[in-house]
1. Kindly indicate which of Glu70, Glu101, Glu80 is without any contact (Cβ under 8 Å) to a residue 60 or more places away in the chain, of a type in the set (Asp, Glu) and over 19 Å from Ile5 (Cα atoms).
2. Among (1) closer than 19 Å to Thr4 by Cβ; (2) free of Cβ contacts under 8 Å to residues at least 60 places away in the same chain; (3) not aliphatic (A, V, I, L, M), which single condition is Glu62 missing?
Amino acid sequence: MEITIGRIGSPTIDGVQRILVDRLWPRGVAKVTAPWDVWLKELAPTTELRKWYGHEAVRYQEFRERYWQELIEQPVEPQERIITLAKSHPVMLLTATSHLEASHLPILRDYLLNLGEEA
């Protein structure tokens, strides 16, 4: 199972399923020309958690714990959708955030890989 992370402007790679995981649609991107295959906004952190975190490095560990708990508590269908895709195709999770490693995507990737191993 291969799950990578990237920004919405990351180059498209043949055979890789690109999944936008942001709660808000990125500015300046038309829906008809969006460079991703699926938008799963329900897997992004809640607005309250995202605003609390504010990409402040000192809050990252607590953000990780809170976001992981949100993932545990939400419906599993979107998570299972990505895991099922990742078992047959490489998947790239996308965000518009400029600070990729400080975003929610590394946490989501770890969570999905962990969940996929349990399945």
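The numbers here are math on the coordinates, done by the rules we state, and not lab data. Bear in mind the structure is a predicted one, so any value in this text is a computation, not a measurement. In this analysis, Cβ positions are derived from the backbone assuming ideal geometry, glycine residues included, and neighbour counts consider all displayed protein chains.
1. Working: Glu101 fails: over 19 Å from Ile5 (Cα atoms); Glu80 fails: over 19 Å from Ile5 (Cα atoms).
Glu70 is the lone residue from the list that is without any contact (Cβ under 8 Å) to a residue 60 or more places away in the chain, of a type in the set (Asp, Glu) and over 19 Å from Ile5 (Cα atoms).
2. In the conditions (1) closer than 19 Å to Thr4 by Cβ; (2) free of Cβ contacts under 8 Å to residues at least 60 places away in the same chain; (3) not aliphatic (A, V, I, L, M), Glu62 misses (1) alone.
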